[in-house]
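Participant: Pasting a structure here, questions to come.
Just so you know, all these numbers are worked out from the coordinates, no wet-lab data involved. Predicted, not measured: the structure shown is a model, and the values here were computed from it. Note that we place each Cβ from the backbone using ideal geometry, even for glycine, and neighbour counts take in every protein chain shown.
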């Protein structure tokens, strides 16, 4: 699969193939139906933060590595943290070298995780875009294979296995709320669901990447900041995500940092689920009222990441 021409892919077939390919390597994560959080209606949840390395990212990483001929120079990836950890983990399991570039804002917890996984780690000043530039330079100089965090068909197909798995587990929701950074996870969901359920994109007010792109065009770049920026801080949305979101009429919902922090706290207090801000963003859309379901509308949220900063045990 290549990025060019992704609009002509049979996404359902790609995601089914990805699921078969990665099943030996990824965790089938739990689902639950939860009441509480100050809401008057139950919320379906998939606890994808319990995936290897604490996020959904290994799905896309394994699918990419298992569909490519990996050069002797190994792999290179730029990441806000979670993608880098996933590539490092997949590379270790499959026996490949990996060099990961992360910005300083990835934070000590995610940086320590990548180091523990054995990758060659390079911490770059500034934001994710700076790390990506450095990763591209290393790719050109070394011949290493770039593993993109979100805007590649193999990545998107891998992330799409999350929604496929959730439906196998009995997802009843009319509407699924998913946090958006670069757009790999929600692109996978849109590709799999193909309009069969409503998908709500949730973004921080300080990183409205998809919202701005849908308003102003796919090349739009935004300044990003806030408590979820190391996971939801892509300055430009992935083109695969943009195309799928535009085609399916996705309407992004924006949530404040305060709402994200509140949802993060509620997940700990009421369910003892320790998640990073990005992991709580989708729930924040409900607990803050940014998204208000219609009467009788069944809703579910994807909890996507657990790599808090600081690490509570270091």
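Participant: Rank-order 78-84, 172-178 by packing density, defined as the average count of other C-beta atoms within 10 Å over each peptide's residues, highest first.
Facilitator: Descending packing order for the listed peptides: 78-84, 172-178.
Participant: Another question about this same structure. Determine the principal axes of the Cα atoms in the stretch 58-146, then give the extent along each, sorted from largest to smallest and rounded to whole angstroms.
Facilitator: 32, 25, 19
Participant: For the pair residue 314/residue 94, report the inter-label distance in nm, with labels modelled 7 Å from Cα in the Cβ direction.
Facilitator: 2.6 nm
Participant: Moving on to the next point. Please arrange 219, 314 by counting, for each residue, the other beta carbons lying within 10 Å of its beta carbon, fewest first.
Facilitator: Starting with the residue having the fewest Cβ neighbours, the order is 314, 219.
Participant: Let me ask you something else. Sort the following peptides by mean Cβ neighbour count (other Cβ atoms within 10 Å, averaged over residues), highest first: 118-128, 191-201.
Facilitator: Peptide ranking by packing, descending: 191-201, 118-128.
Participant: Still on this structure, please answer the following. Just to be sure I understand the model, the point goes 7 Å from the Cα along the line to the Cβ. What's the resulting residue 136 to residue 33 distance in nm?
Facilitator: 4.8 nm
Participant: Taking 0.36 nm per residue of separation and subtracting the Cα-Cα distance, what length does fully extending residue 223 through residue 251 add?
Facilitator: Additional length available on full extension: 8.1 nm.
Participant: If you stretched the chain out fully between residue 40 and residue 68, how much longer would it get, using 0.36 nm times the residue separation minus the C-alpha to C-alpha distance?
Facilitator: 5.3 nm
Participant: To the nearest 10 degrees, how steep is helix 11-22 against the longest Cα principal axis of the chain, on a 0 to 90 scale?
Facilitator: 70 degrees
Participant: When N is the residue count of the stretch 238-314, what does its C-alpha Rg come to as a fraction of 2.2 N^0.38 Å?
Facilitator: Rounded to two decimals, the normalised Rg is 1.25.
Participant: Just subtract the alpha-carbon distance of residue 112 and residue 271 from 0.36 nm times their residue separation and send over the number in nm, one decimal.
Facilitator: Length difference between fully extended and current span is 54.6 nm.
Participant: Continuing with this model, one more query. Based solely on C-alpha atoms, express the radius of gyration and the Dmax of the stretch 210-250 in angstrom.
Facilitator: Rg, Dmax (Cα atoms, Å): 10.5, 30.
Participant: Here's another thing I want to ask about it. In what sequence, highest mean first, do 221-230, 136-145 appear when ranked by Cβ atoms within 10 angstrom?
Facilitator: 221-230, 136-145
Participant: Using only the Cα atoms of the stretch 161-217, construct the convex hull and provide its projected area averaged over every direction, in square nanometres to one decimal.
Facilitator: Directional mean of the projected Cα hull area for the stretch 161-217 stands at 4.2 nm².
Participant: With Cα extents along the principal axes in Å defined as stated, name the option among (1) 65, 65, 34; (2) 56, 44, 40; (3) 54, 45, 35 computed from the structure displayed.
Facilitator: (2)
Participant: Moving on to the next point. Based on the Cβ-Cβ distance from residue 125 to residue 243, what FRET efficiency comes out when R0 is 22 Å, to the nearest 0.05?
Facilitator: E between residue 125 and residue 243, to the nearest 0.05, is 0.10.
Participant: Oh, and also: How far apart, in nm, are two points set 7 Å out from the Cα along the Cα-to-Cβ line at residue 215 and at residue 167?
Facilitator: The modelled label-to-label distance comes out at 3.2 nm.
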